[in-house]
Ligand code: DGL
């Protein structure tokens, strides 16, 4: 049997976007094994009902537990927003989402107390970010905006395209008017559009990457529970998807800067 410390960190997302979180985990925890599940057959989660996203998240988690992971990271903001409590009730394994870490970091870095949040329709409708932020400091102002078109733009690789610039201006104008000083990138795909978002909002606005913030929390949790992998050899990264692996592999290899991605199609549930 594999000793607990050497087991993988399980990560799931609705599709490919969660690789932004994997990238953050790889750079913070370079010796950890990672098992990723991308629900490419059922993506997107961001415009589905909370009930359906909860059901999918249960199945995704169950799959990863079947792969004998030592903890779960819910990389998908939408799933973190609507399913995290249910997952923690249902499964007896440490589970970290991206909402609380992103909110906590924004509260730490805001200078004037005006925080913007962008995410999918479901994440914004859940009000999870505002409630996590206001629970930490009720005097802060939070302004949210759903930016659904950012997801296909990122997947198309159009992060620097003039269309991305136009879409970003359209979506972000209201946040600029609200004079936010900090913006939470509350969707797996948005770190890919970081450059254009920063340009549209101006250099004064601090961008908070929730996935990056979550990787810090994962490291802290593993250290606290004495579950960090003591290995110093190259780790194992396995990727599973629920639809054909080809596109996922092509985009993923560009994204993670590797030519070695092992991607396997599985049937869920
Ligand atoms: N992964 C989703 C999120 O972070 C974005 C893509 C989707 O809608 O499924 O909210």
Determine if region 17-40 includes at least one residue that is surrounded by fewer than 22 Cβ atoms within 10 Å (Cβ to Cβ), part of a loop (DSSP other than H, G, I, E, B) and within 16 Å of the ligand (Cβ to nearest atom).
yes
Is there any pair linking a residue in region 80-94 that is touching a residue at least 40 places away in the same chain (Cβ under 8 Å) to one that is within 16 Å of the ligand (Cβ to nearest atom) and outside any helix (DSSP H, G or I), with Cβ under 7 Å and at least six apart or on different chains, and which?
80/74; 80/97; 80/98
Condition first: touching a helix residue (DSSP H, G or I) at 6+ places or on another chain (Cβ under 9 Å), under 24 Å from residue 220 (Cβ atoms) and at pLDDT 95 or above. Can you find one or more residues in region 141-161 that meet it?
no
Name the one entry in 142, 151, 167 that is crowded, with 17+ Cβ neighbours inside 10 Å and more than 21 Å from residue 214 (Cβ to Cβ).
167
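State whether one or more residues within region 230-239 are over 16 Å from residue 10 (Cα atoms) and at pLDDT 95 or above.
First, pick out the residues of region 230-239 that are over 16 Å from residue 10 (Cα atoms): 230-234.
The next check asks that each one be at pLDDT 95 or above; those that pass are 230.
Within region 230-239, one or more residues are over 16 Å from residue 10 (Cα atoms) and at pLDDT 95 or above.
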For residue 65, which of the numbered conditions (1) under 19 Å from residue 265 (Cα atoms); (2) surrounded by 21 or more Cβ atoms within 10 Å (Cβ to Cβ) fails to hold?
(2)
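One line per residue, one yes/no per condition, for (1) assigned to a helix (DSSP H, G or I); (2) farther than 22 Å from residue 114 by Cβ:
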site: 172; (1), (2): yes, no
site: 179; (1), (2): no, no
site: 191; (1), (2): yes, no
site: 195; (1), (2): yes, yes
site: 204; (1), (2): no, no
site: 215; (1), (2): yes, yes
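If we keep just the residues of region 224-268 that are assigned to a strand (DSSP E or B) and in contact with a helix residue (DSSP H, G or I) (Cβ under 6 Å, 6 or more places away or on another chain), which is surrounded by the most Cβ atoms within 10 Å (Cβ to Cβ)?
We begin by selecting, within region 224-268, every residue assigned to a strand (DSSP E or B); these are 237-241, 262-265.
Then drop every residue that is not in contact with a helix residue (DSSP H, G or I) (Cβ under 6 Å, 6 or more places away or on another chain), which leaves 241, 263.
Working: 241: 25, 263: 20.
Per the stated criteria, the residue is 241.
Are there strands (runs of 3 or more DSSP E) fully within region 70-155 with at least 2 residues that are over 17 Å from the mean Cα position of the chain (by Cα) and away from the ligand (no atom under 11 Å from the Cβ)? List them. Don't jump to the end; show me each part of the working.
Working: elements: 71-74, 114-119, 141-146.
In region 70-155, 114-119, 141-146 are the strands (runs of 3 or more DSSP E) which contain 2 or more residues that are over 17 Å from the mean Cα position of the chain (by Cα) and away from the ligand (no atom under 11 Å from the Cβ).
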Does region 47-64 contain any residue that is within 11 Å of the ligand (Cβ to nearest atom), out of contact with any strand residue (DSSP E or B) (no Cβ under 8 Å at 6 or more places or on another chain), touching a residue at least 12 places away in the same chain (Cβ under 8 Å) and assigned to a loop (DSSP other than H, G, I, E, B)?
yes
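The values are calculated or read from the model by the stated rules, or taken from the named source; none is laboratory data. Here the structure is a predicted model, which means the values were calculated and not measured. Cβ sites come from the backbone with ideal geometry, for glycine too, and all protein chains shown count toward neighbours.
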